[in-house]
1. Could you compute the net charge surrounding N66? Neighbours are other residues with a C-beta less than 12 Å from the C-beta of N66; K and R count +1, D and E count -1.
2. What's the extension gain from Q109 to D15 if we count 0.36 nm per residue and subtract their Cα-Cα distance?
3. Quick check: pseudo-label points 7 Å beyond the Cα along Cα→Cβ at Q101 and R70, how many nm apart are they?
4. For A19, what is the net charge nearby, where nearby means another residue's Cβ is under 14 Å from its Cβ and Lys, Arg count +1, Asp, Glu -1?
5. State whether the stretch 8-55 is rounded, prolate or oblate according to the following rule on the C-alpha gyration tensor (a ≥ b ≥ c being the square roots of its eigenvalues): a/c under 1.5 gives rounded; otherwise a/b larger than b/c gives prolate, and the remaining case gives oblate.
6. Taking the Cα centre of the stretch 3-160 as origin, sum charge times position over the Cβ atoms of Lys and Arg (+1) and Asp and Glu (-1), and report the length of that vector in debye to the nearest 20.
7. Using a Gaussian network model on the chain with a 10 Å cutoff between Cα atoms, which of E46, E120, E105 fluctuates the most?
8. Using label points projected 7 Å from each Cα along Cα→Cβ, tell me how many nm separate E58 and T142, to one decimal.
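Just so you know, all these numbers are worked out from the coordinates, no wet-lab data involved. Computed from a predicted model, the values in this text were never measured in an experiment. Neighbour counts run over all protein chains shown; Cβ positions are idealised from the backbone, glycine included.
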Amino acid sequence: MSLSNLMGPLEEYADPATANMRNAPQDFDRVSRAAPRSHLASALVEAFRSNETPPFPEMLSTLFRNSNGRQRAGILSHLLGSAGPTAVSGILGQHLGGRSQLTPEQADQIPFETVHQLAERAEKNDPSIVERASEFYAQHPTLIKALGAGSLVLMMSHMSRRV
């Protein structure tokens, strides 16, 4: 499907209140294959910041839970850069052992609750972490489906206004 053909599948999502939630995961698959990553990232920012979805730290924890070790290490490096040194030493100090980067194997050992705390601190310290996390996960659209149909509908509604 080319970018010019995205409007057809996205029309159903122009008004999220009337969208068919059951079809959202399959439609998102089709749309995410053709949409520019910048569109996916922008839509994910909208979902992260929406009052209609769970808070950013909770959504990020869900994405982290469904990520592989390499992806976990990647998003953790973004969070570590935004959380500030006090948060890093307090929240992840025992896992880092003085290092500033985690290996995929170490990232797999980080509890989901810790990621939630780190995301809260990072967002409070540096709100632009939402954009960086969105750009990161836009490179992994299959993972985004873990956020659920409601988030996917909201994202496709946002994309329908951009195509």
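1. Values: positive: R65, R72, K145; negative: none.
Value of the local net charge: +3.
2. Details: separation 94, 0.36 × 94 = 33.84 nm, distance 4.06 nm.
Full-extension gain reported as 29.8 nm.
3. Taking the simple label geometry, Q101 and R70 are separated by 1.4 nm.
4. Details: positive: R22, R161; negative: E11, E12, D15, D27, E52.
Within the 14 Å Cβ shell, the charges total -3.
5. Details: a/c = 1.88, a/b = 1.10, b/c = 1.71.
It is oblate, given that a/c is not under 1.5 and a/b is not larger than b/c.
6. Values: 13 positive and 16 negative charges, 87 e Å.
With only Lys, Arg, Asp and Glu charged at Cβ, the dipole is about 420 debye.
7. Its mean-square fluctuation being the largest, the pick is E105.
8. Rounded to a tenth, the inter-label distance reads 2.7 nm.
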